[in-house]
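Some notes on the structure that comes next.
The values are calculated or read from the model by the stated rules, or taken from the named source; none is laboratory data. Here the structure is a predicted model, which means the values were calculated and not measured. No Cβ is skipped: glycine too gets one built from the backbone with ideal geometry, and neighbour counts run over all protein chains shown.
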Amino acid sequence: MAHYEKPDYWSLKARKEGYPARSVYKLKEMDERFGLFKPISGTRAACTKVLDLGAAPGSWSLYTLRRTGGFLVAADLAPLSRQYDQGLFGGPNVSFIQGDITSEETKAAILSQGPFTLVFSDAAPATTGNSSVDTLRSFALAEAALEYAEAALVPGGNFVVKVFQGGDTAGLLKRIREGFKTGKSFKPTACRSESFETYYLGLGYGTGSAG
Ligand SMILES: C[S@@+](CC[C@H](N)C(=O)[O-])C[C@H]1O[C@@H](n2cnc3c(N)ncnc32)[C@H](O)[C@@H]1O
């Protein structure tokens, strides 16, 4: 029998507010708390260019477009859902790349559209049930996301990445702290309490302890 999960508070709220996934409230909370989309001094607000890695079904992308009106590059193995987008994903300021963000081909396609003022990744592998395989895969996605940020963020730009317990997460946070003015770990309220996920943030690229 198919497993049916009853929609929770956040999923119902997302549907009502026109987002395909509850994850939008994680980004919203981090934005309200850390000012992720704040214009970077020395650049114009109109220059906002966001890279959304692991973007499908598209809540973080929709939030970005509604919030900034800037340019968005989104990438995922799966297509974005058009159920709530009101035509936004077909607009001239959106570029969607369907592919594996760890592949060289996708990397080249994404980086050719940089630089970015904000890079975030909510990418998560399909779970296999084998926790060491799942941990390795999710850590590889988080590392890949940091490599995009290091390759394509403008000075002062921000970075957010989903991480799961396991892998060298301490090493990842250390690298973020070296590259950004501030590096921190944050678990949004909308994360399921039983979930091992958390988010690492890098704020102010190029002004960290190594910069
Ligand atoms: C939790 S969902 C992202 C939800 C999204 N932030 C939203 O708000 O709608 C994780 C996504 O990561 C994507 N993903 C996993 N591995 C990937 C890979 N190697 N390359 C690209 N996308 C990947 C999955 O296809 C899935 O759509």
(request) Could you list all residues from segment 122-146 that are small (Gly, Ala, Ser) and away from the ligand (no atom under 14 Å from the Cβ)? (result) GLY129, SER131, SER132
(message) Here are the criteria: (1) more than 9 Å from the ligand (Cβ to nearest atom); (2) of a type outside the set (S, T, N, Q); (3) at pLDDT 95 or above; (4) assigned to a loop (DSSP other than H, G, I, E, B). Tell me which single one VAL119 does not satisfy.
(response) (4)
(request) Might you check whether a residue that is in contact with a helix residue (DSSP H, G or I) (Cβ under 6 Å, 6 or more places away or on another chain) and within 17 Å of LYS162 (Cα to Cα) occurs anywhere in segment 84-101? (result) yes
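Residue under question is GLU32, and the condition is that it be at pLDDT 95 or above, more than 14 Å from the ligand (Cβ to nearest atom), surrounded by fewer than 14 Cβ atoms within 10 Å (Cβ to Cβ) and closer than 25 Å to SER195 by Cα; does it hold? It would help to see each step written out before you state the result.
Details: at pLDDT 95 or above: yes; more than 14 Å from the ligand (Cβ to nearest atom): yes; surrounded by fewer than 14 Cβ atoms within 10 Å (Cβ to Cβ): yes; closer than 25 Å to SER195 by Cα: yes.
Judged against the criteria, GLU32 is a match.
Yes/no matrix, rows are residues, columns are (1) within 15 Å of LEU201 (Cα to Cα); (2) without any contact (Cβ under 8 Å) to a residue 40 or more places away in the chain:
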| position | (1), (2) |
| --- | --- |
| ALA126 | no, yes |
| ALA145 | yes, no |
| VAL154 | no, no |
| ASN158 | yes, no |
| VAL161 | yes, no |
| ILE176 | yes, yes |
| THR182 | yes, yes |
(message) Would you confirm whether or not segment 48-71 contains a residue that is near the ligand (Cβ under 8 Å from one of its atoms), in a strand (DSSP E or B) and either modelled with pLDDT under 95 or at negative phi (or both)?
(response) yes
(request) Would you check which residues across segment 72-103 are in a loop (DSSP other than H, G, I, E, B) and closer than 23 Å to TYR25 by Cβ and list them? (result) ALA78, PRO79, LEU80, SER81, ARG82, GLN83, TYR84, ASP85, GLN86
